[in-house]
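The values are calculated or read from the model by the stated rules, or taken from the named source; none is laboratory data. What you see is a predicted model, and the numbers here were worked out from it, not measured in a lab. So basically every Cβ, Gly included, is an ideal-geometry build from the backbone, and we count neighbours across all protein chains shown.
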Amino acid sequence: MWTDNDTDIDLINYDHLVQSAIDIISNENLLPCTIGIYGEWGSGKSSLMRLIQKELESDEKILVIKFNGWLFEGYEDAKSALMEVILNTLYEKEKNTKKVTKRIGKALRKIQWLKLGKVALKYGLGFAAAGPMGLALLGAKDLQNPNPKSMPTQGQAVGNIGKANLGDFDFLNREQEPVVTIKELHQDFEEILEDTTVEKVVVFIDDLDRCNPDTIIETLEAIKLFLFLKNTSFIISADERIIEQGVKTKFKDVYSEGLGLGKQYLEKLIQFPIHIPRLSNNEMEIYSNLLFTSLYAEPKDFEKIRESVINQKGEQLYSGDITYTFTNASKLFQELGIEFEKGKTDITDALALTSEIIDVLVIQLQGNPRQCKRFLNTLLMRTKMAKTKEITLSQRTLAKIMLLEYFSSKKYLFLADLQASEKGKPQLISVLEKILNKKKQGKQDKGEQKKDKQEDNTKKEIIPQTLIEVLKEWEEDTFIKKLMASEPYLSNVDLRPYFYFSRKSQSSFSIVPLGMSSDAESVFKDISGEKTAKSIMKLAMEKFKNLSEVDVTQIIKAIQEKILRDEKPSSLITNLFKMGEVRKELKSDILDFIENLPTEKVTAKNINQIMDYQKDAPEFKLKVSQILAKWSDHPTRTISTLAKATRKDI
């Protein structure tokens with residue numbers, strides 16, 4: 001199996017993205033600057049940052065500093081935490097230069113003074129007015145370190161040079177405003193950088209989109225302090241939608257619909273955005289094949305294959321001419337002079353597996369490499385679990401069952417019960433595969449059609465009358481048709497061991513973003529359920545109302561993606577509208593999503609719901625009217641007529 005952590009080994013052909021960042025940092029005319037690496041959870045943002053970092057660290061004149069915003073979530077002042085990490089990294093590099101270390105110590109004392117000012121605000125004006133008595137009540141320990149957590153270490157020397165006594169702060173007598181201290185810090189940083197052997201400073205900030213809005217804004221504000229220091233660069237990894245939502249939340253008092261404050265704030269701070277695209281079918285197949293190759297090939301052979309595949313240039317990148325598939329792997333191995341042990345078919349079977357499931361996997365996972373890796377990890381884990389019980393599972397058959405489990409849980413649970421009652425070989429599957437494969441083969445002559453119809457009717461007679469409707473439903477399901485019509489077929493397979501090793505595993509296949517809290521995950525499952533009781537839904541909405549902005553944004557994103565995947569998402573659209581009523585600040589974004597929704601997913605019920613959105617909010621009337629105009633072209637006449645009539649009433 002493979003680690004779920006980020007990596008500095010490129011399996012996705014990111015070298016052009018890496019080089020873009022390197023070119024920007026290398027151009028002194030573009031510095032100081034901030035580079036934004038944007039992408040969804042699991043798209044490979046952290047790995048891309050590590051690849052850039054690996055390139056930069058080879059140059060001794062460049063100081064690379066790493067800061068994980070999420071790890072500092074508990075600190076009272078994220079702004080100070082970032083500045084301290086930068087200063088302490090400089091200290092570690094220049095600790096033998098007295099002049100530099102003295103200036104670093106001076107800057108750290110000012111940061112401590114700023115944190116003391118924050119403590120005064122936290123404890124109220126009474127603290128500031130109480131004089132020595134107020135200080136006595138707090139205690140010397142609080143003053144020397146207002147919050148133990150606010151002295152980040154992360155392997156740095158903050159504890160050695162950042163501590164100071166009351167005399168260093170002169171807190172009661174100093175009349176300077178915090179803004180003055182910020183200006184002084186700016187000057188201190190300039191002087192420190194001028195005296196060091198470092199020519200460029202590059203700060204990597206990861207996981208910022210997993211932080212609460214206060215931490216997000218404080219970190220971004222700290223970055224602004226350095227934006228006028230020559231030869232400094234910041235590289236921020238985040239899902240830009242969550243950052244924008246954090247900005248909206250932080251400045252909600254001045255935010256108004258249509259102003260786009262979150263987007264404007266980010267655009268002013270990030271000069272060079274780098275967007276990570278979703279993987280195509282070709283790219284996902286290469287990625288999956290390289291993952292398996294890393295397991296079954298010798299390290300030196302794997303590196304040969306990886307370099308050959310990743311170094312594709314020119315037309316190969318977009319033409320779909322993949323150089324590493326099940327069909328051409330043998331040719332590639334021969335060209336590279338790689339020989340696998342005779343009879344060792346692990347890698348061949350793995351490449352065959354990938355070729356069979358990749359189309360479905362890419363569509364359902366929307367080109368997300370981390371979700372793909374998790375799926376394959378679970379597959380390997382179950383295969384190994386079975387081996388410990390002396391049971392051999394076909395990975396290809398297991399993958400097919402898992403695709404059903406992962407993307408159609410309701411049908412998966414139904415099949416689990418059905419196969420258990422029919423000793424692992426449900427007749428429903430046998431009939432379904434036969435029907436779908438006949439349709440797949442295309443038209444036949446009348447004699448063959450009549451014969452097949454008789455055979456199908458005979459097969460259907462075997463199925464209990466209660467399952468006839470189920471068979472019809474499965475035949476019409478696009479996902480099921482694609483899955484069941486592909487090899488390997490399940491008709492003559494005993495499915496009992498495959499379901500045995502997937503017991504109680506539904507939670508492991510949740511499409512819930514990683515950053516969600518347990519409370520948020522619970523809310524998402526209730527809101528996205530197909531038949532959630534009204535009382536449970538009401539409770540879920542109450543919980544949703546009180547969740548953090550980060551969790552709310554991720555739940556909205558997950559619900560929207562589920563709506564786009566489902567063929568009949570009417571209930572999900574209804575719940576999305578309800579979420580906008582519970583959290584009014586979401587209404588504008590929800591309407592933007594609804595406007596771009598395919599009209600065939602809309603029902604008459606949704607027309608009434610969108611009308612409710614503009615009753616008490618005149619600013620939405622124009623948007624609602626535009627959406628209804630689009631729905632007027634709905635393929636269902638009843639809905640199109642209703643949309644036209646409703647639009648006239650606005």
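Could you check the range 532-557 and list, in sequence order, the residues that are over 26 Å from the mean Cα position of the chain (by Cα), hydrophobic (A, V, I, L, M, F, W, C) and either modelled with pLDDT of 80 or more or not assigned by TED's automatic domain parsing to the domain that holds Phe577 (or both)?
The answer is Leu539, and nothing else.
Here is a check on your reading of the model: is Thr34 at pLDDT below 85 and either exposed (fewer than 15 other Cβ atoms within 10 Å of the Cβ) or not aliphatic (A, V, I, L, M) (or both)?
no
Can you tell me which of Leu622, Leu597, Leu591 is under 28 Å from Arg241 (Cβ atoms) and in a loop (DSSP other than H, G, I, E, B)?
Residue meeting the stated conditions: Leu597.
Among the helices (runs of 4 or more DSSP H) confined wholly to the range 405-477, which include 1 or more residues that are at pLDDT below 60 and of a type outside the set (S, T, N, Q)?
Those helices (runs of 4 or more DSSP H) span 446-462.
Looking only at the range 559-588, which residues are of a type in the set (A, V, I, L, M) and not in a helix (DSSP H, G or I)?
The answer is none; no residue qualifies.
So which residues in the range 481-495 are at pLDDT below 85 and among the aliphatic types (A, V, I, L, M), if there are any at all?
Hits for the range 481-495 are Leu483, Met484, Ala485.
Of all residues being surrounded by fewer than 19 Cβ atoms within 10 Å (Cβ to Cβ) and not polar (S, T, N, Q) in the range 419-431, which is nearest to Tyr489 (Cα to Cα)? Just the residue, please.
In this case the residue turns out to be Lys425.
For the range 584-623: of the residues being charged (D, E, K, R) and surrounded by 15 or more Cβ atoms within 10 Å (Cβ to Cβ), which is nearest to Leu564 (Cα to Cα)?
Ranking the candidates gives Lys601 first.
Please tell me if Lys644 is in a helix (DSSP H, G or I) and over 30 Å from Ile216 (Cα atoms).
For Lys644, the condition - in a helix (DSSP H, G or I) and over 30 Å from Ile216 (Cα atoms) - is met.
Can you name the residue in the range 247-288 that is β-branched (Val, Ile, Thr) and either out of contact with any Leu (no Cβ under 9 Å at 6 or more places or on another chain) or at pLDDT 80 or above (or both) and is also nearest to Trp41 (Cα to Cα) among such residues?
In this case the residue turns out to be Ile276.
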